[in-house]
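Visitor: Take this structure, written in structure tokens, and hold onto it; I'll ask about it next.
A short reminder: the numbers here are calculations on the coordinates, not readings from a lab. The shown structure was predicted, so the numbers you read here are calculated from the model rather than taken from an experiment. Glycine gets a Cβ as well: all are built from the backbone with ideal geometry, and neighbour counts include every protein chain shown.
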Amino acid sequence: MHTHSSIGSLSSDEVVLSKGKASWTTQEEVALVQYFFKNKSQMSGASFKDTVFQQAAIAIKPLHHKGAEKNDKSCKTKWKNICIFFVHVLPVS
């Protein structure tokens with residue numbers, strides 16, 4: 001029997017994401033926003049460099065309670081969604 005696994009080609013961050021969806025608490029979201037506000041000098045254009053998202057994941061790690069642990073990719077996605085909400089959704093409501 002031949003099985004093929006693509007895990008060998010995945011980064012460790014992608015493997016963590018495949019274990020489950022990151023579930024965000026309000027406390028984690030607030031901590032993420034606060035982290036980025038404190039580190040706004042590290043912005044590159046309209047967003048942050050990937051290393052800042054990696055550092056943010058480490059900073060909020062002690063708040064983790066459920067779901068997959070947050071990593072740079074989940075922090076980047078959450079940040080984009082927060083920005084979309086405050087720029088596009090909130091002004092309409």
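Visitor: From the phi angles alone, apply the Karplus equation (6.51, -1.76, 1.60; θ = phi - 60°) to the range 32-39 and give each ³J(HN,Hα) in whole Hz, x where the residue is Gly or Pro.
Guide: In residue order, the calculated couplings are 5, 4, 4, 4, 5, 4, 5, 10 Hz.
Visitor: Another question, if that's okay. Distance from a point 7 Å along Cα→Cβ of Ala46 to each backbone N in the range 64-88: keep the residues under 13 Å and list them by number.
Guide: Of the residues in the range 64-88, 80-81, 83-85, 87-88 have backbone N under 13 Å from the label point off Ala46.
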